[in-house]
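Take a look at the structure below.
The values are calculated or read from the model by the stated rules, or taken from the named source; none is laboratory data. Note that this is a predicted model, so its numbers are computed, not measured. Positions of Cβ are backbone-derived with ideal geometry, glycine not excepted, and every protein chain shown enters the neighbour counts. All accessible areas refer to the heavy atoms of the entire protein, side chains included, with ligands and DNA or RNA removed. Shrake-Rupley method; radii C 1.70, N 1.55, O 1.52, S 1.80 Å.
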Amino acid sequence: MAASARLLFRGAGLKAYTANVNSGAQSSFGTTLLRLSPNCSSQTKTQIKHASHFTYHPDPVPTMYGPTTKMNLFQSVTSALDNTLASDPTAVIFGEDVAFGGVFRCTVGLRDKYGKDRVFNTPLCEQGIVGFGIGAAAAGATAIAEIQFADYIYPAFDQIVNEAAKYRYRSGNLFDCGNLTIRAPWGCVGHGSLYHSQSPEAFFAHCPGIKIVIPRGPVQCKGLLLSCIEDHNPCIFFEPKILYRAAVEQVPTEAYTIPLSQAEVLQEGSDVTLVAWGTQIHVLREVVSMAQEKLGVSCELIDLQTILPWDTETVCKSVAKTGRLLISHEAPVTGGFAAEISSTVQTPVHTLNQTDSNLSTMAKTRELCKDIRDKIVDQHKAGMGYRTIGQQLGEKATTVGAIIRKWKKFKKTVNLPQSGAPCKFSPRGASVIMRKVRGQPRTTRLDLVNDLKRAGTTVSKN
């Protein structure tokens, strides 16, 4: 059936179906498929799509890591795995079809070189692959798991998020699975369609306890992968599959590492900051050139490289210089990691939540609640809370009784910070909080009236 489906879009079959579309026939399955796209044309040449939407420009040859050789991206992965197996006798590689080299040939030759006990196939069960990796890493092995496509990592989501990421926290650091690295081909490719084109990094970026890394080319791929393998935290390493053969660079043959959580400024600029990772870096490289040539705009290009934890300092420093930020990624817009970056660099940012850590103990939970309260108080001191109760209510009131009634209604929907001052359902209580936050002494009834007057509220003597 798969072969039939492929033949549907080849040669005479394609011409026959397009002819039916033009003649108005609607009975064939091929006609229905072509009608799904309003831009379909009867000309076969308009159906041709290029596999890549960019031109790959290799990085300069690195000179600090020793001799180099020409490699594409999948060969740089193989080289990194070869270096690891040679230097670490506890290292094991496992996944679907990795024994013969994998669908992208990233592990080709490794089983013959290091034996079937160190490079071996697993059943087609992503949850089992990651679960086995957690156990192997907890037992002391350097576990390198391959998920055949990032699109199929979702069955292992529970193992990654609820087990691997929390393993260290649940024991108070007595044991962990930090030697686990999960590799997966990632991102768009010309023929990938629904189940071989996804970019799921944002799903895992919400989970403390793991690291997420995405390289842009062979040199970074090998160095970052070796850093993930050596890191003492579980890492997810997404490899842009469209670059497996398209990206070719001079890559060092010996082992070397590139620091995680450090973004790289690829080009200095002064007018706008461009941030991306993986394949989109090469798209933005072309954008940088076009903007300079056609618009005279100087762009600063940053490769984030590590999604979690990401390099906020480098990005924010750049945006402070340029005053503008553009973020590009292949994943859907809603909930994409670009939203996290943009919200972080905006000023002011009022996100009063827990930090990126797991809640492992009741004491830590209480400490977190106190931290959130202190954050609220600090933001009020910084200007967010310099509002009187009259401004909080948002409208005028004619009597103290009316103020109290409106305050009660307001209090039901808005939680003001508890800074230690008494707070009752009354404007006086709210005024005490506001003054306490601002470091002023306790208020009197006259102070309350003055606060309300300054807010433009008319107060009677009743």
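Things worth noting here:
- Applying the Kirkwood pairwise sum to the alpha-carbon positions of region 177-266 produces a hydrodynamic radius of 14.0 angstrom.
- Nearest-0.05 FRET efficiency for Thr69 and His191, computed from C-beta distance (R0 30 Å): 0.55
- Accessible area in square angstrom per residue, region 88-222, 1.4 angstrom probe: 39 Å²
- DSSP-assigned coil residues among trypsin sites (Lys or Arg not before Pro) in region 298-329, each with at most 11 further Cβ atoms within 10 Å: none
- Computed from label points 7 Å out along Cα-Cβ, the spacing between Arg105 and Arg245 is 0.7 nm.
- Surface share of carbon and sulfur [accessible, 1.4 angstrom probe, percent] for region 194-268: 52 percent
- Measuring between their Cα centroids, region 156-204 and region 113-135 lie 15 Å from each other.
- Residues whose amide H lies under 5 Å from that of Gln267, counting only those 5 or more places away or on a different chain, are Leu301; hydrogens are built 1.01 Å from N in the peptide plane.
- Simple spin-label estimate for Phe120 and Asn173 gives 3.4 nm between the two label positions (7 Å along the Cα-to-Cβ direction from each Cα).
- Residues of region 51-86 falling in the label zone of Asp97, defined by backbone nitrogen less than 19 Å from a point 7 Å along Cα to beta-carbon, are 73-78.
- Dipole magnitude (debye, nearest 20) for region 182-339, charges at Cβ of Lys, Arg, Asp, Glu: 280 debye
- Environment charge of Gln220, counting only residues whose C-beta is closer than 13 Å and scoring Lys/Arg +1, Asp/Glu -1: -3
- GluC sites (Glu not before Pro) lying in DSSP loop within region 195-269, provided at most 11 other Cβ fall within 10 Å: Glu254, Glu268
- Shape of region 267-322, Cα gyration tensor, a/c cut at 1.5: oblate
- Gyration tensor (alpha-carbon) shape descriptor, region 189-343, a/c threshold 1.5: rounded
- Taking the convex hull of the alpha carbon positions in region 169-217 and averaging its projected area over all directions gives 4.9 nm².
- Three-way shape label, region 95-202, alpha-carbon gyration tensor, a/c 1.5: oblate
- Filtered chymotrypsin sites (Phe, Trp or Tyr not before Pro), region 180-235: DSSP coil and at most 11 other beta carbons within 10 Å: Tyr195
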